[in-house]
Amino acid sequence: MTVRVGVIGTGMIGQDHIRRLTDVITGARVTAVTDLDAARAAEVAARIGAAAVPTGTDLINSPEVDAVLVTSWGPTHAEHVLNAIAAGKPVFCEKPLATTAEDCLRIVEAERAHGRRLVQVGFMRRFDAGYRQMKEVLATGSVGTPLIVHCAHRNPTVPDSYTSAMAAQDTAVHEIDVLRWLLDDEIVSAQVITPRATSKRFAHLKDPQIMLFETANGVRIDLEVFVNCQYGYDIQCETVGEDGLVRLPDPAAVGIRTAGRHGTAVLQDWKGRFVDAFDTEFREWTASVEAGTEPTGPSAWDGYAATVITDAAVRSLETDSQVVTVDMKPRPALYGGTA
């Protein structure tokens, strides 16, 4: 069976995923696309032999679409995901699942009413080989009980449209999701501290930021978010346990010896760093759709949890670094909870 995928949103990330579904992985074919920019949707559709349809609702209800990929503007995500659930179709939604915790809960409740998982959220780090190796080390107890996690998320630069709140909402959200998964633990509080600001930033931006989290089991997490570090795209993660530590490996790169120096190149963007994770993510999602099984990636509940935690971090940033309690609802049984 070839999974027929309809794509809502043909911007940069949408086109990258269309390329992935068309040219990289097997078992999927993009059969329909839509975008607010109808001309762009038509151009993309013509390039891959798909249909350009007027709206997301038309795409979701099309008999030529087995599964839906949502890569549109964030505030539209909830509408499209809810419509896909109502149609009983699997839906992959790029982060955020929704822009408010209330809309995330609406999706969770709709999926619960449906009776099985249909939603996967696009947190790709769970599919990265290095993070998966870390997960295996922690799950087997090789370094003992986790005590502390140190992380860094650095970008060379960001555009003027990037705001201080986006450090949590758009950047740290990836660490928040992958750490919940790595530790199999829930984050219960957040605090954001702003050290001396870099001069290489826009006046409105607080950068860097230090984010401090605590989990239900008492693990302390510190995360440096520095989005104007200048030198490259650099993701670091280290978990300290009672018997040792495990560190995320840097991407494989050749060593260069020249002019009296020895070094390796630093990647400059997220696409290069996580290209294999994106491919694996879609390969596994397509396989689950083809098999008719529930998706194994991040769930609607994970999308809700990430939104609630980033909301707490933004509140801390806006209230002079107060520690903010994460106010999360009980996890429903559909997502592994008891409620």
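The values are calculated or read from the model by the stated rules, or taken from the named source; none is laboratory data. Not measured: the values here are computed from a predicted model. All Cβ positions, even for glycine, are placed from backbone atoms using ideal geometry, and neighbour counts span all protein chains on display.
A few points about this structure:
- Whichever residue in segment 307-333 is assigned to a helix (DSSP H, G or I) and among the acidic types (Asp, Glu) and, among such residues, is farthest from GLU109 (Cα to Cα): GLU318
- Test: LEU69 is in contact (Cβ under 8 Å) with a residue 60 or more places away in the chain and not in a helix (DSSP H, G or I): yes
- Within segment 165-184, none of the residues are surrounded by fewer than 19 Cβ atoms within 10 Å (Cβ to Cβ), touching a strand residue (DSSP E or B) at 6+ places or on another chain (Cβ under 9 Å) and assigned to a loop (DSSP other than H, G, I, E, B).
- HIS80 closer than 26 Å to ARG126 by Cβ and in contact with a Phe, Trp or Tyr (Cβ under 9 Å, 6 or more places away or on another chain): no
- Flag: ALA203 matches the condition of being under 25 Å from ARG315 (Cβ atoms) and either loosely packed, with under 15 Cβ neighbours inside 10 Å or not assigned by TED's automatic domain parsing to the domain that holds THR310 (or both).
- Filter result for THR307 (assigned by TED's automatic domain parsing to the domain that holds LEU212, over 18 Å from the mean Cα position of the chain (by Cα), touching a residue at least 12 places away in the same chain (Cβ under 8 Å) and crowded, with 19+ Cβ neighbours inside 10 Å): no
- Boolean, VAL30 is outside any helix (DSSP H, G or I) and without any contact (Cβ under 8 Å) to a residue 40 or more places away in the chain: yes
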